[in-house]
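To start, the structure under review is shown below, and the notes come after it.
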Amino acid sequence: MNNSVTVQDIANALGLSRNTVSKALNGRHVPAKTRDAVLNAAIAMGYRGYGLAARAEPKTDGPTRFVLLSSQHLMNINYYVNVLRGIEESLEGRSIDLIQFCVTSPESFERFKKYLSQAGIQGILCIEFFEPGYIAELLKFDCPVIFLDFPVVDAEIKGSYDIVLPESRDVIARFCLKLIREQGVRTFGFVGEYRHCLSFYERFAGMREALFLAGLPVDLSRSILDTDAIPYDATALEGALGHLPSLPECFVAANDTIATALLEALRRRGADVPGQVRVLGFDNVAESKKTVPPLSTVNVNKTALGKRLTALLLDRVDGQSRANQVIRIASTVITRETT
């Protein structure tokens, strides 16, 4: 029996975080499997610190509580409805409450921080949540966080978190190379704010990579990049098209919403799609099949995204200690009539 055994010693032996072990020893809420492992290890290792008396049943605070944090009302967006379905399927049958919180202003974020400090939240899922300042503040709380996509940042954001996003760079690069090699396409333009989020940037980077690998110049003069200042509607994009020196042979749009508006803008300007210019979207939302002509796009298994987000959060809540992960879910091109 070694009276010098510490909480960190137990954490190291089990591969858990020190905080999780401390919670288990002091009767705070952790999964039953984790609690039993900690208490058994503490006894076996001879731990005699404060809290081992919590061998008795721990405090019960009701079901586990997760928060779904976003900056938009997700149920209004077709893409996220399917992601939410994956989350709900993963939580089905578990004693977990999922609480949705929408942050739309600094004031609402302050309200959320106050709520988080008082409500006994065990985990957070962030969807469409890309403000670096908010994220840095969020990660100061002792709570596992999993992100669907992430902002493009110039400096490291410190904290314990994981990121899940659709694979974008390679699938776009491969398809652009196919157009170059099989159809003789030489000029490309990107439409979308490429710094909006990591997946947008990787789609932009995939287009540039294809040009580089094919030995073609990376000319962005035919791109519409500042779409944060240009609404995603046909009228605004029609005006932006008028400022380009010429149309590229292929537009790569950051997502299907932008691609759909772009198709209408091109139609208004009398451009022939795909004869004069090709258009590729991303996400394969239901509306992409109904455009004129039907939109070529990249399919993302949105339900799988939701399930992977949830699995990672459950692992984190269970106390698994590991390095931060970035996980990409495979994507596939669906070729329709715009390419």
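The values are calculated or read from the model by the stated rules, or taken from the named source; none is laboratory data. These numbers were taken from a predicted model, which means no experiment stands behind them. Backbone-built Cβ (ideal geometry, glycine too); neighbour counts: all protein chains shown.
Summary table below
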read-out: Residues (modelled with pLDDT under 80 and among the small types (Gly, Ala, Ser)) located in segment 3-21; value: Ser4
read-out: Selection status of Gly189, assigned to a strand (DSSP E or B) and of a type in the set (Gly, Ala, Ser); value: yes
read-out: Meets criteria (crowded, with 16+ Cβ neighbours inside 10 Å, closer than 30 Å to Arg316 by Cα, under 27 Å from the mean Cα position of the chain (by Cα) and of a type in the set (Gly, Ala, Ser)) for Ser223; value: no
read-out: Identity of the residue in segment 248-280, within 11 Å of Val191 (Cα to Cα) and small (Gly, Ala, Ser), that ends up surrounded by the fewest Cβ atoms within 10 Å (Cβ to Cβ); value: Ala261
read-out: Contacts under 7 angstrom Cβ, first residue in segment 260-272 being in contact (Cβ under 8 Å) with a residue 40 or more places away in the chain, partner in a helix (DSSP H, G or I), 6 or more apart; value: Leu262/Leu237
read-out: Residue check, Leu165 hydrophobic (A, V, I, L, M, F, W, C), under 14 Å from the mean Cα position of the chain (by Cα) and more than 28 Å from Lys114 (Cα to Cα); value: yes
read-out: Residue among Gly86, Gly123, Gly51 that alone is over 15 Å from Ile146 (Cβ atoms) and either at pLDDT below 95 or touching a Gly at 6+ places or on another chain (Cβ under 7 Å) (or both); value: Gly51
read-out: All strands (runs of 3 or more DSSP E) inside segment 63-179 with 2 or more residues being out of contact with any Asp or Glu (no Cβ under 6 Å at 6 or more places or on another chain), in contact (Cβ under 8 Å) with a residue 60 or more places away in the chain and closer than 18 Å to Asn255 by Cα; value: 161-166
read-out: Some residue of segment 169-177 being crowded, with 16+ Cβ neighbours inside 10 Å and basic (Lys, Arg); value: yes
read-out: Any hit, segment 302-309, residues being under 30 Å from Leu25 (Cβ atoms), in contact with a helix residue (DSSP H, G or I) (Cβ under 8 Å, 6 or more places away or on another chain) and either of a type in the set (Lys, Arg) or not assigned by TED's automatic domain parsing to the domain that holds Phe175 (or both); value: yes
read-out: Residue identified as more than 18 Å from the chain's Cα centre (by Cα) and in the same structural domain as Leu211 (by TED's automatic domain parsing) among Ala155, Ala173, Ala119; value: Ala173
read-out: Test: Ile180 is out of contact with any Pro (no Cβ under 7 Å at 6 or more places or on another chain) and either modelled with pLDDT under 95 or over 21 Å from Asp283 (Cβ atoms) (or both); value: yes
